[in-house]
Amino acid sequence: MKENIVLGIESSCDETAAAVVENGHRVLASEVASQMDIHSRYGGVVPEVASRQHLISLPLVIQEVLKQSQTSFDDLTGIAVTSSPGLIGALLVGLSTAKALAFRLHVPLATVHHIEAHLYAVQLDAQPVEFPALGLVVSGGHTELYHMTNWGEYRLLASTRDDAAGEAFDKVAKLMGLGYPGGPIIEKLAKSHAEAPGHFSYSRMKDKSQDFSFSGLKTAVMLELKKGPLSSDKERERLAAKFQNTVVEEVGSRVRTALEELKPKSLVMGGGVACNQALRDSLRKEAENFGVTLRVPPIKYCSDNAAMIAGLGAYQISKGKIASLSATAVPYATLY
Ligand code: KG4
Ligand code: ZN
């Protein structure tokens, strides 16, 4: 007999996702319908196209996860959905669907913050996080470091002053003529570069703030490209490795300072850039140096998915945080 079964829905950007999660952590089924091929021809996500595609894909992915998990609508004990941040039209497709289901099935609705869910992903099919924790979100739209005392209790330590880490990967890939999304392409090129990559100088704030900044790094890559076109695979690999290494060093330096100051029990990392193996390896070492465990989701739960939404939604419902059926989608919303 399955218990506490929550259907999660994610449609904040260009992935249409649904998942069925038991007891807030056991993933029974999780599916993502990617719109990447549709948007890649434009070099980035086109919001109106994303909304229309969510309308087509969402009923299909919901049916699919119910089938895979052998769950009927009547087995569901809650519905969880991303309500912020994201593209307004895209969010509304998921939110309207979730409200209709919660209303029809007479089950509670949880509205979830996408960034918080990226952190919660470390608990999927895994042990609970030990708090206090340091939470690092590195995605296409966000680069933020939090001090976490529990789920729902965050203090922002640092955020990016310009581009997010994933955005920097995407923009640099575009500058190098490599395609979208840039992260996986740059990582693959960087891996082929056998020698020590070297690095550009990474940003340090004058006011001792630990905020991130990646726009200077993007300019450094641009200036390097202006010296002359990259004429060989070897040169492309070297530049990709040098750029990636600089991002890893900047993120590592901020995390090290926070580990030193706050002495948390865990370091939690989530978001699409957390797929990056060089970043995972480097932060694991940083954490080990402080006797702290690095908690990072498996690759399939780093990038956008609905299992993280269902998991966090189930947690919220268990704490009595039930959303109203008149809840609204909010394109920009901070987590703290
Ligand atoms: O979390 P996510 O799937 O969507 C957002 O909420 O933004 O993150 C997408 C971002 C993209 O910028 C993509 O280039 C980056 O994550 N990304 C990576 C890797 N895989 C995805 N960045 C670096 N290395 C990777 N392997
Ligand atoms: Zn995301």
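The values are calculated or read from the model by the stated rules, or taken from the named source; none is laboratory data. Predicted, not measured: the structure shown is a model, and the values here were computed from it. A quick note on method: Cβ atoms are made from the backbone with ideal geometry, for glycine too, and the neighbour counts reach across all protein chains shown. Just so you know, the surface numbers come from the protein's heavy atoms only, side chains and all, with ligands and any DNA or RNA stripped out. Shrake-Rupley method; radii C 1.70, N 1.55, O 1.52, S 1.80 Å.
Annotations for the structure displayed:
- Protection proxy ranking, peptides 139-148, 309-318, 70-79, average beta carbon neighbours within 10 Å, highest first: 309-318, 139-148, 70-79
- P(r) of segment 1-113 over all Cα-Cα pairs, binned every 10 Å from zero, in whole percent: 15, 48, 28, 8, 1
- Accessible area per residue for segment 287-336 is 50 Å², calculated with a 1.4 Å probe on protein heavy atoms, without ligands, DNA or RNA.
- Over the chain, relative contact order from alpha-carbon pairs under 8 Å, at least 6 apart, %: 26
- Placing a pseudo-label 7 Å from each Cα along the Cα-to-Cβ vector at ASP233 and SER192 gives an inter-label distance of 0.4 nm.
- Inter-centroid distance (Cα atoms) of segment 20-53 relative to segment 298-313, Å: 11
- One way to sum up the overall shape of the chain is the equivalent ellipsoid from its Cα gyration tensor, whose semi-axes run 34, 23, 17 Å, largest first.
- Cβ charges +1 (Lys, Arg) and -1 (Asp, Glu), total dipole of the chain, debye: 460
- Quotient of Cα Rg and 2.2 N^0.38 Å for segment 72-204, N being how many residues it contains: 1.35
- Charge dipole of segment 1-100 (Cα centre as origin; +1 on each Lys and Arg Cβ, -1 on each Asp and Glu Cβ, all else neutral): 120 debye, rounded to the nearest 20.
- Geometric extent, Cα atoms of segment 176-221 - Rg, Dmax (angstrom): 13.5, 38
- Radius 12 Å from Cβ of THR97, net charge of other residues (Lys, Arg +1; Asp, Glu -1): +1
- Most positive-pole-ward Cα, ILE322, PRO59, LEU223, against dipole of the chain from beta carbon charges: LEU223
- Contour excess over end-to-end distance, with Cα ends at LEU225 and LEU262 and 0.36 nm allotted per residue: 9.3 nm
- Average accessible surface for segment 30-80: 56 Å² per residue, computed with a 1.4 Å probe over protein heavy atoms with every protein chain in place.
- The C-alpha atoms of segment 113-272 occupy a region whose extents along the principal axes are 51, 39, 28 Å, arranged from largest to smallest.
- Computed over the alpha carbons of segment 195-243, Rg followed by Dmax gives 13.0, 41 Å.
- Overall dimensions of segment 196-283 as given by Cα atoms, namely Rg and Dmax in Å: 14.9, 48
- Kirkwood analysis of the Cα pair distances in segment 131-218 returns a hydrodynamic radius of 14.6 Å.
- Separation between Cα centres of segment 92-150 and segment 221-248, rounded to whole Å: 36
- For the chain, with all protein chains in place and a probe radius of 1.4 Å, 53% of the accessible heavy-atom surface sits on carbon or sulfur.
- Cα gyration tensor shape for segment 249-318, rounded if a/c is under 1.5, else prolate or oblate: oblate
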